[in-house]
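The values are calculated or read from the model by the stated rules, or taken from the named source; none is laboratory data. Everything numeric in this text was worked out from a predicted model, so none of it was measured. As a convention, Cβ positions derive from the backbone with ideal geometry for all residues, glycine included, and neighbour counts pool all protein chains shown. Ligands, DNA and RNA are excluded from the accessible area calculation, which covers all protein heavy atoms including side chains. Shrake-Rupley method; radii C 1.70, N 1.55, O 1.52, S 1.80 Å.
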Amino acid sequence: RWISSKKKKKNGKKMVCSFRGSVSHGLTLELGETVQILEKCEGKSFSRSIGIFPVGYIHLKKAVVTNRGQYETVIPLEDPIITEVTSTLQEWSVLWKQLYVKHKVDLFYKLRHVMNELIDLRRQLLSGHLTQDQVREVKRHITVRLDWGNEHLGLDLVPRKEFEMVDADQISVSDLYKMDGGKQRHGDSCRMPVPHHLFVNLKSFTYNTIGEDTDIFFSLYDLREGKQISEKFMVRLNKNGGPKNPEKVDRLCALFTDLSNKDMKRDLYIVSQVIRTGRMLLNDSKKGPPHVQYRRPYGCAVLAMSDVLQTISELKEEKDFVLKVYTCNNENEWYQIHENIIRKSSTKYTAPSTNYGLIISLQLLRGDMEQVRRENPMIFNRGVAITRKLGFPDVIMPGDIRNDLYLMLERGDFERGGKSVQKNIEVTMYVLYADGEILKECISLGSGEHNISEYRSFVLYHNNSPRWSEVIKLPIPIDRFRGSHLRFEFRHCSTKDKGEKKLFGFAFTPLMREDGTTLSDESHELYVYKCDENTTFSNHALYLGLPCCKDDFNGCPNIPSSLIFQRSTKETLWISTQLSSTKLTQNVDLLALLKWKAHPERVMDILGRLRHVCGEEIVKFLQDILDTLFSILDDNTDKYGPLVFQSLVFIINLLRDSKFYHFRPVMDTYIQKHFAGALAYKELIRCLKWYMDRSAEVVRQDHIQEAMRALEYLFKFIVQSRILYSRATCGMEEDQFRASIQELFQSIRFVLSLDSRSSETLIFTQAALLNSFPAIFDELLQMFTVQEVAEFVRGTLGSMPSTVHIGQSMDVVKLQSIARTVDSRLFSFPESRRILLPVVLHHIHLHLRQQKELLICSGILSSIFSIIKSSSLVHFGQCTDWLTRTCPLSDWQGEYVSCLLSLLRQMSEIHFQHLLDNFQSKEELKEFLLKIFCVFRNLMKLSIFPRDWNVMRLLTSNIIVSTTQYLSPALHKSFTDADFDFKVWNSYFSLAVLFINQPSLQLETLTPAKRKKVFDKYGDMRVMMAYELFSMWQNLGENKIHFIPGMIGPFLGVTLVPQIEVRNIMIPIFHDMMDWEQRKNGNFKQVEAELIDKLDSLVSEGKGDENYRELFSLTQLFGPYPSLLEKIEQETWRETGVSFVTSVTRLMERLLDYRDCMKGDETENKKIGCTVNLLNFYKSEINKEEMYIRYIHKLCDMHLQAENYTEAAFTLLLYWELLHWEERPLREFLHYPAQSEWHRKEGLCRKVIHYFNKGKCWEYGIPLCRELAFQYESLYDYQSLSWIRKMEAAYYDNIMEQQRLEPEFFRVGFYGRKFPFFLRNKEFVCRGHDYERLEAFQQRMLGEFPQAIAMQHPNQPDEGILQGDAQYLQIYAVNPVPENIDVLQMDRVPDRIKSFYRVNNVRRFRYDRPFHKGSKDKDNEFKSLWIERTTLILTHPLPGISRWFEVDKRELIEVSPLENAIYVVENKNQELRTLISQYQHKQLHGNINLLSMCLNGVIDAAVNGGIARYQEAFFDKEYISSHPEDTEKITQLKDLMQEQVHILGMGLAVHEKLVHPEMRPLHKKLIDHLNIILRDIYNFENKLKQTCTLKHV
């Protein structure tokens, strides 16, 4: 029993397994499809689509049913993105398989990978086990992949919001446009730049000749600035080249972080320095004992980032690179070896002997660190070493706590110390705390290795002035920084047997000065104090009291000379430092501000100096500085108020810098949670008002402009201060506060109302105020109602002068301020919009009317339309009119279009009526209609929306058709009958035609699923517009004649749309046109001519389909209108009408064949054949000379492209024959200029002669030369006459001297209904190419028709093949039958001339099929061998305008054995005679193999068969007696045999003269065989005579 399931309205079902529906009433369903169950019964279900299927094949899901009824749709209740993935994968699966078929293998595999990823991501979403952040991330990955696939498959762009598809009906057109096409507008807020991170992975160091432990340092180096920009990444390797720490195998990697876009444009290099640890000299074991280890420089490698950046930017995986390690020739140059390598100073380094070195892999990552960690977990699982930039990144993030001191050990100058050679100096460095304790693990040689407590420099051999340039990082804890110092100890490393390291001096420097500032970022020259190896530093106070450098010495000049440590005046150490700390400062002024209470008398000076503190220092101590400023303000408002205000303005503006922009949240947090200045608002309002009031007086207004830029945060402080005060006092002084704000707004309006045209500084002040003004609305809403704030804003916007009274720059600023007002939260309240909208639209109208700043205006309107409803459109007045006047569209067209479409979409019939009623005259209405029709046409023609943005294109089309329906009545009412206006009507029809032909509306090109989706949403908009067009055409009445023949072409174009209903609607219009012209002129020649011309043009462009063939003649199957033929048959002029329709239908068949050949990858032969067919139709049936001539030239061009020069000449000759030798002027046509008919014919004649020359058909060119010569002679143009006569003479020479090949000819039959119309069931003879034989020709034809089946027999095909739904090719060779027999029979005519006439101007071709009549004679088959001779007669002789012509008729005869023998011997004699003649006249010389082979073949055949067989067969008594009628033929055969023997004798005589001595035996053999032939012939003659005598008796 079937149970209805209608009660389960919320259940949808998904197929979990495909069902083929092979059972009775089975419903075929695919995996993933959604079905709605109507009834179920014992394991089966019944679906609405027709049929049943097993319940086990589905999975139940919750769903809703929309659009209940015949076209209802089931939508699963699941995450929309899951539904989208499902439908997209189903669509992709079909296209994915097609990629393989089309050999797009790369995309095939990429798409498969993406589809698998989508399936996995979909599974994750369905699991329901993800957090919200994880769901968001998965959705992001899904949408990225969906968009990638759609783009690469050429599918539509999907508009999204928060990763989900957007329904175009649910949002405004403006919002839809912004999702893809919207540009950045209204000065978008500063966006955080995305940092880059360079991943470096050391795979191996293959330079294994060192044999010692090595340290490899990687860093980024800027060549242009000559400095290292990153920390070092350090890798320690053992002497075998493996990691010293076994745990780091395959984990030697680093991430160089926080590289900005600016960094990526630097001249960056990856520099890798190799430091070995071992003996002093690598190859000298005597230099020092083996147990003493020194850090020694070994080599350096560099890699230019510019060489690899593009490669690693495009890849999403690591890319390997090999870095050659170069060694330094002179250690004094070690500090700059990387620069020498980069600059290729090859004398200063040595290249490695092999190409091996450091093998590293690189990968470029983008995004903040959190994002990079999420997206690349595998990298961070490998223990990657984070390697930071030296200094702060471009964007300093709040909470980025850092306290790093970078120290570069630059160089030193040391005394020789009485030694004969220079020292080997090693520097040891310690970080010591105030109590003398060495700080543990506060020294880092590079990321990737643990911190150390003692630093030892590398040693430069025998160098008293070493230059190290080694950077060390000192990550000292913040609580240990104050009081700590650095000590540098200098030792000479002896290379004697003991390998001692002798201490000879030291230097030191404190990290923080007495005033609390740290060591400055600069180079420091440190004093070196003498000491010896016995010195201990247990009492660090002994040296800390000494000056460490020159500045320190100046501070304490009176130092006693009796101290333990004496300074070595000739020795110095240079170091440089760079502090990257968020907790310490090097700035004295900042410290003074933070400790202002220690020196209250200096407050004025301290506040004044705040502006000179760098921004990095200020943001580090932002909260402390703000607390300090407001405590100073509370201390003495009157005295310090203005200076605190200026300082606050300075800090606020500092946060507008992109580098510090992300500290704005820190400022916001401070205001909300830490700010405590309850009285500050009074002074801030007072100062702000004072600044504004002085703007009219002051010349220099920099400080005023800065205050205007800081307006947003000043108001935040004002409002928060007032809130704090109100809380503390229970709302006291509320009226005073409101009054002060009112007064402040009066000052704002005062500033904006000033005439700034004469004052540039005032312009900047007003601009700054307008830019900041919209940012204060949210703060005001905390203290005032929406209506009150809206009134404030309206008054301010209203105070701005109109566009005619201010300059262009202020126009922009003013509109940008209005735009930000519209985008603000204030404007989202309906009550505020009622107040603000009139003033906003007032300013927009001013600009639209004056055509100024249209981009910003359209952006503002776009934002307005995003939020308002149609009920609010009453404010817009003539906005539509002004919008349409902004044509033509320009580079901002997208903004404009979205704005206009938004407005039109929201307008109802009442709004349109109101708009049309507002026009004062018909001229205004006409101008509006022309303009809006023009805009719509531009919308469809111009590339405003990307090709794949079909959602926007369809929505636009829907708005256009709706608007057109509203405007059509106005057009009919105002511009018909007496007020008819052709221009407006023509514009309307052009719009309708363009609309229907839009590519985006051609539903036939869409996939079935997409077609259904579009049809359900919009219907077929082409049909809607076609009905509208037909209705308006009917309204024209007698004015229809104005559009004949002008609109025939456009309307014909509409009928080419493959939509039956559209065609049915349009066809009666052509009957109307014919009828109206028949009434006016008594015929419809204009309609006929235009229809044929346009039909040819449109179909040639690739339009039309198979159903279009019978469009005009068949009875239509759909729609309320009869066919064109039916309507014509009811007219008085039906005879001419029917004839015309028949001709057009036949023309259509040929045009569509031509179209199919031209648009496909067809061969030249097919295209040429099709063009010939169409050309002949225009000449013979329609007699359209112009079209005929056009196709003559198309055909000529095809022949030239295929190098068929003879055929090109014959084709052009057709046009030449149409012209006469007259002076009639001809208009410009095709590529011909305006000229006389005589000159055009002369030019054509010269061109035809030239083509005949290139085709080596000089015999055809000579008559044309004579024709031209006659014309020149009659005009006494002797110069041209001389030229043409010389050309004629040259052609005669060419005929006699140049070798020409005789082409072969092939008969081709095209059988079956699958062939094009012009080939179907027809046979042709084709002229082959040079050297082309039957096998090659067959292969070529099968290549041109790959679907064809080759027939293996020459018999005529039966009806089954002719009507079969396939292609059959029948090909065999045929022989030409010359027309000019006289020339061929003349003995004195050279064979070169005869050769031409044998194969040219031939219309008849012969094909012989041998067969045996009766029983076959086993002894001599020639007796019964008959020939079936088929003669094919062509429509035109070859060569001609084509390489092939159709067979016009066939002739069939049977040739007796005797006649066949005569034919064979006669042909062989002719062949021998020609060859011997060529050798006699030395036309063939040198090699006589050809003659030898030919003579040997004939003589040998004559001995062993051939002539001998003929003698046996036909000179036999029995044959002669039984065939008395053949007596003459037997005699003829005998004479031919004798002639052949005579020819052979001549041939052997020639052969004897030319034969090579080695070939004499062959010659002798041929003579002997010839004698045998002579004897045999003599014997047979005697027998023949006896037989004839007996018979006579």
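Structure values in brief
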{"quantity": "Unmet requirement for Gly1046, which otherwise passes all of (1) assigned to a helix (DSSP H, G or I); (2) more than 15 Å from Phe933 (Cβ to Cβ)", "calculated": "(1)"}
{"quantity": "Index of the failed condition, Tyr1368 passing every other in (1) open to solvent by 40 Å² or more (accessible area, probe 1.4 Å); (2) over 45 Å from the mean Cα position of the chain (by Cα)", "calculated": "(2)"}
{"quantity": "Qualifying positions in the range 586-628 - under 14 Å from Tyr640 (Cα atoms) and of a type in the set (Asp, Glu)", "calculated": "Glu601, Asp605"}
{"quantity": "Extreme residue, modelled with the lowest pLDDT, among residues of the range 397-431 that are among the aliphatic types (A, V, I, L, M) and surrounded by fewer than 20 Cβ atoms within 10 Å (Cβ to Cβ)", "calculated": "Met397"}
{"quantity": "Selected residue (criterion: most open to solvent (accessible area, probe 1.4 Å)) from residues of the range 438-470 that are within 13 Å of Ile275 (Cβ to Cβ) and among the aliphatic types (A, V, I, L, M)", "calculated": "Leu445"}
{"quantity": "Within the range 471-481, considering residues that are open to solvent by less than 10 Å² (accessible area, probe 1.4 Å) and not aromatic (Phe, Trp, Tyr), the one farthest from Leu281 (Cα to Cα)", "calculated": "Ile476"}
{"quantity": "Residue tally, condition within 16 Å of Val812 (Cα to Cα), open to solvent by 10 Å² or more (accessible area, probe 1.4 Å) and among the hydroxyl-bearing types (Ser, Thr, Tyr), over the range 758-796", "calculated": "1"}
{"quantity": "Some residue of the range 335-342 being open to solvent by 50 Å² or more (accessible area, probe 1.4 Å) and in a loop (DSSP other than H, G, I, E, B)", "calculated": "no"}
{"quantity": "Condition met for Asn1467 (of a type outside the set (A, V, I, L, M), in contact with a strand residue (DSSP E or B) (Cβ under 8 Å, 6 or more places away or on another chain) and within 30 Å of Arg1392 (Cα to Cα))", "calculated": "no"}
{"quantity": "Residue identified as at pLDDT below 75 and surrounded by fewer than 19 Cβ atoms within 10 Å (Cβ to Cβ) among Glu1129, Glu1061", "calculated": "Glu1129"}
{"quantity": "Members of the range 245-258 found to be at negative phi and at pLDDT below 90, listed by number", "calculated": "Asn245, Pro246, Glu247, Lys248, Val249, Arg251"}
{"quantity": "Some residue of the range 931-949 being closer than 27 Å to Phe1015 by Cα, among the hydroxyl-bearing types (Ser, Thr, Tyr) and crowded, with 16+ Cβ neighbours inside 10 Å", "calculated": "no"}
{"quantity": "Close pairs from the range 316-337: first without any contact (Cβ under 8 Å) to a residue 40 or more places away in the chain, partner part of a helix (DSSP H, G or I) and open to solvent by less than 50 Å² (accessible area, probe 1.4 Å), Cβ under 8 Å, at least 6 apart", "calculated": "Tyr326/Ile337; Tyr326/Ile341; Cys328/Trp334; Cys328/Ile337; Glu333/Asn340"}
{"quantity": "Qualifying positions in the range 1432-1446 - assigned to a strand (DSSP E or B), in contact with a Phe, Trp or Tyr (Cβ under 7 Å, 6 or more places away or on another chain) and open to solvent by less than 30 Å² (accessible area, probe 1.4 Å)", "calculated": "Leu1432, Leu1434, Leu1438, Trp1444, Phe1445"}
{"quantity": "The listed residue being assigned to a helix (DSSP H, G or I), in contact with a helix residue (DSSP H, G or I) (Cβ under 9 Å, 6 or more places away or on another chain) and modelled with pLDDT of 85 or more, out of Ile1041, Ile1067", "calculated": "Ile1041"}
{"quantity": "Strands (runs of 3 or more DSSP E) contained in the range 217-334 and holding at least 3 residues over 46 Å from the mean Cα position of the chain (by Cα)", "calculated": "268-278, 294-304"}
{"quantity": "Matching option when the condition is at pLDDT 80 or above and buried (at least 19 other Cβ atoms within 10 Å of the Cβ), among Leu153, Leu146, Leu176", "calculated": "Leu146"}
{"quantity": "Flag if Tyr1251 is touching a residue at least 40 places away in the same chain (Cβ under 8 Å), assigned to a helix (DSSP H, G or I), over 30 Å from Asp1358 (Cβ atoms) and under 45 Å from the mean Cα position of the chain (by Cα)", "calculated": "yes"}
{"quantity": "Test: residue in the range 1392-1403 that is at pLDDT 80 or above, more than 22 Å from Gly1255 (Cα to Cα), open to solvent by less than 40 Å² (accessible area, probe 1.4 Å) and in a strand (DSSP E or B)", "calculated": "no"}
{"quantity": "Complete set of residues in the range 496-516 that are open to solvent by less than 70 Å² (accessible area, probe 1.4 Å) and assigned to a loop (DSSP other than H, G, I, E, B)", "calculated": "Gly499, Leu511, Gly516"}
{"quantity": "Matching option when the condition is under 30 Å from Gln1299 (Cβ atoms) and within 57 Å of the chain's Cα centre (by Cα), among Val1389, Val1325, Val1383, Val1377", "calculated": "Val1325"}
{"quantity": "Residue that is farthest from Asn464 (Cα to Cα), among those in the range 331-387 that are touching a Lys or Arg at 6+ places or on another chain (Cβ under 7 Å) and charged (D, E, K, R)", "calculated": "Arg382"}
{"quantity": "Pair list, Cβ under 8 Å, 6 or more apart: the range 649-661 residue of a type in the set (S, T, N, Q), other residue crowded, with 21+ Cβ neighbours inside 10 Å and not in a helix (DSSP H, G or I)", "calculated": "Asn653/Ala710"}
{"quantity": "Long-range neighbours under 7 Å by Cβ, at least six apart or interchain, first residue under 15 Å from Ala739 (Cα atoms) within the range 775-787, second modelled with pLDDT of 90 or more and crowded, with 16+ Cβ neighbours inside 10 Å", "calculated": "Leu780/Val789; Leu780/Phe792; Met783/Val719; Met783/Arg722"}
{"quantity": "Within the range 638-681, tally of residues that are open to solvent by less than 60 Å² (accessible area, probe 1.4 Å) and not in a helix (DSSP H, G or I)", "calculated": "7"}
{"quantity": "Residue within the range 276-292 that is more than 25 Å from Glu454 (Cα to Cα), open to solvent by 20 Å² or more (accessible area, probe 1.4 Å), of a type in the set (Asp, Glu) and touching a residue at least 24 places away in the same chain (Cβ under 8 Å) present", "calculated": "no"}
{"quantity": "Tally, over the range 1297-1312, of residues that are part of a loop (DSSP other than H, G, I, E, B) and within 21 Å of Gln1352 (Cβ to Cβ)", "calculated": "2"}
{"quantity": "Yes/no for Leu1052 being modelled with pLDDT of 85 or more, buried (at least 21 other Cβ atoms within 10 Å of the Cβ) and under 23 Å from Phe1084 (Cβ atoms)", "calculated": "no"}
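A quick yes/no check of all residues on (1) modelled with pLDDT of 90 or more; (2) crowded, with 21+ Cβ neighbours inside 10 Å; (3) more than 15 Å from Ala680 (Cα to Cα):
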{"residue": "Leu714", "(1), (2), (3)": "yes, yes, no"}
{"residue": "Gly731", "(1), (2), (3)": "no, no, yes"}
{"residue": "Leu744", "(1), (2), (3)": "yes, no, yes"}
{"residue": "Leu752", "(1), (2), (3)": "no, yes, yes"}
{"residue": "Ser756", "(1), (2), (3)": "no, yes, yes"}
